1. Just to be sure I understand the model, the point goes 7 Å from the Cα along the line to the Cβ. What's the resulting Ser228 to Asp143 distance in nm?
2. Can you give the net charge of the other residues whose Cβ lies under 13 Å from the Cβ of Asn283, counting K and R as +1 and D and E as -1?
3. Using θ = phi - 60° and the Karplus relation 6.51 cos²θ - 1.76 cosθ + 1.60, list the HN-Hα couplings for the range 139-156 in order, rounded to whole Hz, with x at every Gly or Pro.
4. Net charge near Ser165, counting Lys/Arg +1 and Asp/Glu -1 over other residues with Cβ under 12 Å of its Cβ?
5. Please list, ordered by chain and number, the residues whose modelled amide H lies under 5 Å from the amide H of Asp250; skip anything fewer than 5 residues away on the same chain.
6. With the contact rule set at Cα under 8 Å and sequence spacing of 6 or more, what percent relative contact order holds for the range 278-385?
7. Treating cross-link reach as a plain straight distance, find the aspartates and glutamates whose alpha-carbon is under 13 Å from the alpha-carbon of Lys138, omitting any fewer than eight places away in the same chain.
8. In sequence order, what are the phi-derived ³J(HN,Hα) couplings for the range 340-356 according to the Karplus relation 6.51 cos²θ - 1.76 cosθ + 1.60 with θ = phi - 60°, rounded to whole Hz, with x for glycine and proline?
Amino acid sequence: MTKEVKKNNHSILKFIILSIMVSAIILSILFAYNGEIFKSFDWNALSPARLFEEISSNRSAEKDISIKLGELNIKASAMYMGNLLILSDNDIRLLNAKGEEIWYITHDIRQPVLQTEGQWILVYDHTGKSYMVINKGKLLIDDTLEENISFGDISENYILFISWSDTGYKRTVHLVSPENGSKFGVLYIDDYYPYYSVISDNKDEGYFILNGLSMNSSKITTIFRKYSSNLNSGLIADVQLDGLFSVMLDTQSKSLFIGENNAYCYNNDLEYLWSLEFDQNINAAGIFDDGSSVLALHGQENELCFYDSLGKEVNRVTVGDKINSIVTLKNTAAVLCGSEASFYNASGKFIDKVSISGLNIKLHFADEKKVYLLSEHEVIVHNLK
C-alpha cells in the first residue's frame, strides 16, 4: 500500500503572516495611487470572516489523505477503535489514518460478513456455519455453528445468530458468548422468518428486536418483535405492518421502520409515535441521536427531507442525482450520490462535500469531524469544514 498526502505547503501560522504581509503591500500601493482606486478596493477580502474562511478551507485541504489499496478485494469495512477495519476475501486488517497496517488476521470464510461493536469484531459465513471473533487484534474464537447462518451481530455481552433451522422451525436464534463461544440460549421461531436484528446491550435491561417477514398467498406482513436478551421474559412487544419494511434504524429511544414509500416511528417499547407516507419512493434514510431523521425521496425530483423528533418536516433539499445511501453520526448526515458525499446537519444545513473516483462508494465516520470515504482501490481521509 502507498499513501499520498494532499497538503498545502503553508501552515496556518504561515498563512496568517503571509496574509498580513500581502495586506500591507496592497495598502501601500493603494495609498500611492488616487482615491478612486482606493475606494474601489474590495475591503471584504481582508475581513476576519473572509480570512477565517480561507484558513478553514486551507486547513481542510491540508489534512486530506489518500490511501491506495491496490488490488485488495474488499468485502466489507468499518470503523474500529478510531481506525479503519477492512475485510477482504482472505484476511481482515486494521489500518490507521496514514494507511499503515496495525494488524491483520487471515481467514478462509467463503462469504464473509463483518460486524463490530466497541472492541469486538465478528466475521461470519453467510449461508455457512463458520465464524470468528476478534478482540484488539487477537483471535478469540474460530468455530462453527451447528446450523447455517443467515444473520449475525455482536455486542459487548453476546453474539446473536439467526440460522436456518434443522429442527422443523422457520428460524433459530442463538445467543453465544463472544469470549469463548458458549451458548447462552436458543429461541425457536415457527410463525415468521426473521432476517435482521438490532441489539440494545444494557446489562440490566438488555433486549433485541427481530425484523422479519410473514408471507401467505395474498400479502406480505413485516413483523418486529422485542425479546429480553436473557430469553427468560419471552416476547416483550410485537408490531405488525402490512407490506415490506426492509430497513430498521434505531437510537437509544426510538426505532424507525422504512418501507417502499412510508416510514413508521416507534419508541423502544414498540409503542407507535408517528408515521409518514409519500408519493415518491424512499431510497435511503438516516436517524440522528436526538430522534430527528432524514429521508431520501426519488421521483420526478431527488429530494432530502429532514424531520424533527415528532415527525414534522423542518427542511427539504433538492439534489441533482439519485441518492444511494445515508450514513449518520450524532447529528451529522453523510449523503452519498454516485462518487460524492455531501454532509448536512439535522436541520438540513449543508456542511461540506468530498468526492472519490470509483463505483462502490462507502463512508464511515471516525468522529464528527473526520470521515473515511472508500472506493474499490482507494481510501480518502477527509476532515469536515
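1. Rounded to a tenth, the inter-label distance reads 2.4 nm.
2. For residues surrounding Asn283, the net value is -3.
3. Per-residue couplings from phi come out as 6, 9, 9, 9, 9, 10, 8, 6, 10, 5, 8, 9, 7, x, 8, 10, 10, 5 Hz.
4. Details: positive: Lys170, Arg171; negative: Glu146, Glu147, Asp166, Asp190.
The answer is -2.
5. Leu256
6. On the way: 261 pairs, mean separation 18.0, N = 108.
Relative CO of the range 278-385 lands at 17 percent.
7. Glu179
8. The phi angles translate into 10, 10, 10, 10, 9, 8, 5, 8, x, 7, 5, 10, 5, 8, 8, 10, 8 Hz.
Where a number appears in this text, it was derived from the coordinates with a stated rule and is not lab data. Every value quoted in this text rests on a predicted model; they were computed, and no experiment measured them. Virtual Cβ from ideal backbone geometry, glycine too; neighbours counted across all protein chains shown.
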